[in-house]
Amino acid sequence: MRKYIAPLHYLTQDLLGYNHVEQAKAVLNGGCKWLQYRNLSATSETRFAEAMIIAELCDDWGATFMVCQDVELCTSLPDCQGIHLEDEGVITLIETRNLLGDDKTIGISASNLADCVRYASTGADYISIGPYAHTDTKPNNLPLLGIAGIVSFLSQLKIQEPTFNTPIIIAGGITIQDVAELKQTGVFGLAIAAAINKATNPQRAFEQLYAAVY
C-alpha cells in the first residue's frame, strides 16, 4: 500500500531552552505537514508526555506525526502515523513492520546503495539518505554526500533498480540555500531540523523552507 509521504520532513531536536513542544508549535503554526518527533535522550516517561502533546497538536493541524526509533512509543499513541528508524541496531525494519502492521508508515535511514535497495524490498515506505552536509543533529563519521554524491547515488540506483519507486528523502545539514539545487537532482524530498530550530525565528524559517520546497 503506497502511503502519503510529504516532500518536507521536519524534525524536532534536543535544544537547551527550546523544548520539543515549543518547536512543534512553531512549525505547525507555519504550516508544517510532516513532523518527526526526535528525542533520543529523555526518559521514556518524558518522551511519552511530550509525544502525547505533539501528536494532539499534529492532529489538530492535520499534520502527519512520526516518532524516531521508538516502536513502543509509536504503538502507544493512537495519533501516531508511523516511525522513522535511524538504524537497525535495536530492531530491524522487518521486525518493525511485523509489530506495527501495514497501516503505519515506516521510514528508514540508509548510508549506501545496497541498504537502500534492501530496505525498499522489505517494506520501507520511504528511505532517507545522507548526510548531505555537516550536521550536529545526528553526529556520525559518514562521508558527506554533497550534490555530486546525491547525483551519483540516484544515478547508480536507477541503473541497478530501473523500477525503483520508493521515495528518497535527503537529510543532514540542509539549509534554504541548498533547496533549489537539491530539487534539481530529482530527489523526492528533504528532511530538515537545525536550519529551522536554530533560526532566530523558527516559524518564519520553516515558512521560507516550505515555500522553497513546495
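The values are calculated or read from the model by the stated rules, or taken from the named source; none is laboratory data. None of these values were measured; they are calculated from a predicted model. Heads up, the Cβs are rebuilt from the backbone with ideal geometry, glycines too, and the neighbour counts pull from every protein chain shown. Surface areas here come from the heavy atoms of the whole protein model, side chains and all, with no ligands, DNA or RNA. Shrake-Rupley method; radii C 1.70, N 1.55, O 1.52, S 1.80 Å.
Just from its helices, what would the mean residue ellipticity at 222 nm be for the chain, if runs of 4 or more DSSP H residues each count -39500 (n - 2.57) and the sum is divided by every residue, rounded to the nearest 500 deg cm²/dmol?
Mean residue ellipticity, 222 nm, calculated: -12000 deg cm²/dmol.
Can you work out the accessible area per residue across the chain, with the rest of the protein chains kept in place, probe 1.4 Å, in square angstrom? Don't skip to the answer; put the middle values down first.
Working: 10120 Å² over 214 residues.
In whole numbers, the chain has 47 Å² accessible per residue.
Lys and Arg at +1, Asp and Glu at -1: add these up for the other residues within a Cβ distance under 14 Å of ARG47 and post the number. Mind dumping the intermediate values first?
Details: positive: ARG38; negative: ASP14, GLU45, GLU50, ASP70, GLU72.
Net charge around ARG47: -4.
Put +1 on the Cβ of each Lys and Arg and -1 on the Cβ of each Asp and Glu in the stretch 1-126; which of GLY17, GLY31, LEU57 then has its Cα farthest toward the positive end of the dipole?
GLY31
For the chain, take the alpha-carbon Rg, divide it by the Kirkwood Rh, and send me Rg/Rh.
Here the Rg-to-Rh quotient is 0.93.
Please work out the Cα center distance from the stretch 76-94 to the stretch 158-188, rounded to the nearest Å.
So the separation of the two Cα centres works out to 22 Å.
What residues qualify as long-range amide H neighbours of VAL67, i.e. H under 5 Å apart, gap of 5 or more or another chain, H built at 1.01 Å from N?
TYR37, GLY82, ILE83, HIS84
For the chain, what relative contact order do you get, as a whole percent, if you take Cα pairs closer than 8 Å and at least 6 residues apart?
With pairs under 8 Å counted, the relative contact order is 21 percent.
Give me a comma-separated list of calculated 3J(HN,Hα) values for the stretch 123-131, in order, Karplus coefficients 6.51, -1.76, 1.60 applied at θ = phi - 60°, integers in Hz, x for any Gly or Pro.
x, 5, 7, 7, 10, 9, 10, x, x
Take the solvent-accessible surface of the protein heavy atoms, probe 1.4 Å, and return the percent of it on the chain that carbon and sulfur atoms account for.
Carbon-and-sulfur percentage of accessible area, whole number: 53.
On full extension of the chain, what length is gained from THR122 through ASP136, given 0.36 nm per residue of separation minus the C-alpha to C-alpha distance?
Contour length minus Cα-Cα distance gives 2.1 nm.
Of the options HIS84, VAL117, VAL67, report the single residue whose Cα projects farthest towards the positive end of the charge dipole of the stretch 1-130 (beta-carbon charges: Lys, Arg +1; Asp, Glu -1).
So the residue we want is VAL117.
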